[in-house]
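The values are calculated or read from the model by the stated rules, or taken from the named source; none is laboratory data. Predicted, not measured: the structure shown is a model, and the values here were computed from it. Glycine also receives a Cβ, built like all others from the backbone with ideal geometry; neighbour counts cover every protein chain displayed. Accessible surface areas use protein heavy atoms only, side chains included; no ligands, DNA or RNA. Shrake-Rupley method; radii C 1.70, N 1.55, O 1.52, S 1.80 Å.
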Amino acid sequence: MTRSSERRTDGVADAYDVVVVGGGAGGMAAALVLGRVRRSVLVVDAGEPRNAPAAHMQGYPSRDGMPPGEFLAVVRAEVAGYGGEVLRDTVTEVVPDGTGEFDVVLAGGGRVHARRVVVATGLVDELPELPGVAERWGREVLHCPYCHGWEVRDGRIGVLYRAEAGVHQALLFSQLSSEVTLFLDGAELPGEERELIAAAGVRAVAGKLAGLVVEDDRLTGVRLADGEVHEASAFVVAPRMVPRDGVLTALGVRTQETPAGTFPQVDPTGLTSFPGVWAVGNATGAAEQVVNAAGAGYRAGTAVNMSLLEADLAVSRQRAEFASAGAGSGYGSGSGSGGA
Ligand SMILES: Cc1cc2nc3c(=O)[nH]c(=O)nc-3n(C[C@H](O)[C@H](O)[C@H](O)COP(=O)(O)OP(=O)(O)OC[C@H]3O[C@@H](n4cnc5c(N)ncnc54)[C@H](O)[C@@H]3O)c2cc1C
């Protein structure tokens, strides 16, 4: 189906049925299903999946505990088995070509033609400013009880209070340990929230924070500005989650407000408001985990294939109509008056 199979010097063809922007779980699942129905697919991936700092990926049925890099290596091999290609590069722009298809511009130079585009670029976790948080992110500094809660169960878990997300997280982590402390960092906790955390057995510590205490490459505590140290084996924060949606916003896709901020709006198949462009995974919502991102990618892949099939059939039908009209008028039958 590829318009041109001519290879460029970097080994990438000039045109594909589908270019997938982003090679995490979402993008690779889309590529896998599309490859299996013989669509030509290029995945362009900048190589920074969101869970890269974590040693293990939890909660993916049959892959629970697998290192994230290993998971992606397996999927890449599966995609390659069906002819899908992966290019390490960054897409800077998706440019509509005026015919309902696209030119995908690469940071490394050049552009690739795509009949359809799937954007699976994930999101960026903007971490709260506090010494030690960025250094221990994905190790003992955590955000998600479903991803890491089991691994820190029964430990001393500190939670950073930055508005209501902190209370929410403290309540969730209180299911996993009876030693959860909410660090208010100088903020006031509203009375209702104070009652909630007390009911869950969570302690509150009022003082301003100085940072995390790390000894022998391991988090051991949380230091207050007055020097007091509270023991901690894990520290929970609520990052600001910002979708990597630059290529989508440049196309002017509709967005929607969510509790986690503004995200591109998609229909149940992942189709954005821009015809021919789908989006999946964390690029479309903060709550997506690896398994959801993969599910959304798979679903989008099937919808993309259907849209290509419909376009292919429309062209075939037009050709057939043109040929029969030509036969009726003598054109194309070899008996026409003009010949050439
Ligand atoms: C520390 C941490 C641990 C986590 N642990 C778990 C866990 O145990 N279990 C779980 O289910 N979830 C976990 N998550 C959540 C999980 O990482 C995400 O939900 C999942 O990675 C989303 O997949 P995705 O395909 O949407 O995006 P990603 O996996 O983030 O992949 C997006 C890809 O697109 C690339 N990209 C971005 N922009 C461009 C561009 N313009 N051009 C080309 N490529 C681009 C990126 O470099 C990246 O490779 C964790 C998250 C964090 C932060």
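General observations
Per-residue answers, yes or no, for (1) within 15 Å of the ligand (Cβ to nearest atom); (2) buried (at least 22 other Cβ atoms within 10 Å of the Cβ):
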{"residue": "Ala80", "(1), (2)": "no, no"}
{"residue": "Thr99", "(1), (2)": "no, no"}
{"residue": "Asp103", "(1), (2)": "yes, no"}
{"residue": "Ala114", "(1), (2)": "yes, yes"}
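- Positions within region 145-161 being over 10 Å from Ala234 (Cα atoms), open to solvent by 100 Å² or more (accessible area, probe 1.4 Å) and not hydrophobic (A, V, I, L, M, F, W, C), in sequence order: Tyr146, Asp154
Okay, residues lined up against (1) within 16 Å of the ligand (Cβ to nearest atom); (2) over 30 Å from Gly191 (Cα atoms); (3) in contact with a helix residue (DSSP H, G or I) (Cβ under 9 Å, 6 or more places away or on another chain):
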site	(1), (2), (3)
Gly207	no, no, no
Val222	no, no, no
Val229	no, no, no
Gly246	yes, yes, no
Gly252	no, yes, no
Thr258	yes, no, no
Thr284	yes, yes, yes
Gly295	yes, yes, yes
Val304	yes, yes, yes
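- For region 51-70, the condition holds for no residue, the condition being that it is touching a residue at least 12 places away in the same chain (Cβ under 8 Å) and away from the ligand (no atom under 13 Å from the Cβ).
Residues are listed down the side, and each one gets a yes or a no for (1) crowded, with 21+ Cβ neighbours inside 10 Å; (2) under 16 Å from Arg136 (Cα atoms):
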position	(1), (2)
Leu212	yes, yes
Arg218	no, yes
Val222	yes, yes
Asp226	no, no
Ser233	no, yes
Pro259	no, no
Thr262	no, no
Pro268	no, no
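- When Val118, Val124 are checked against the criterion of being within 11 Å of the ligand (Cβ to nearest atom), part of a strand (DSSP E or B), closer than 26 Å to Leu209 by Cβ and under 19 Å from the mean Cα position of the chain (by Cα), Val124 stands alone in meeting it.
- Test: residue in region 132-144 that is more than 10 Å from the ligand (Cβ to nearest atom) and assigned by TED's automatic domain parsing to the domain that holds Pro275: no
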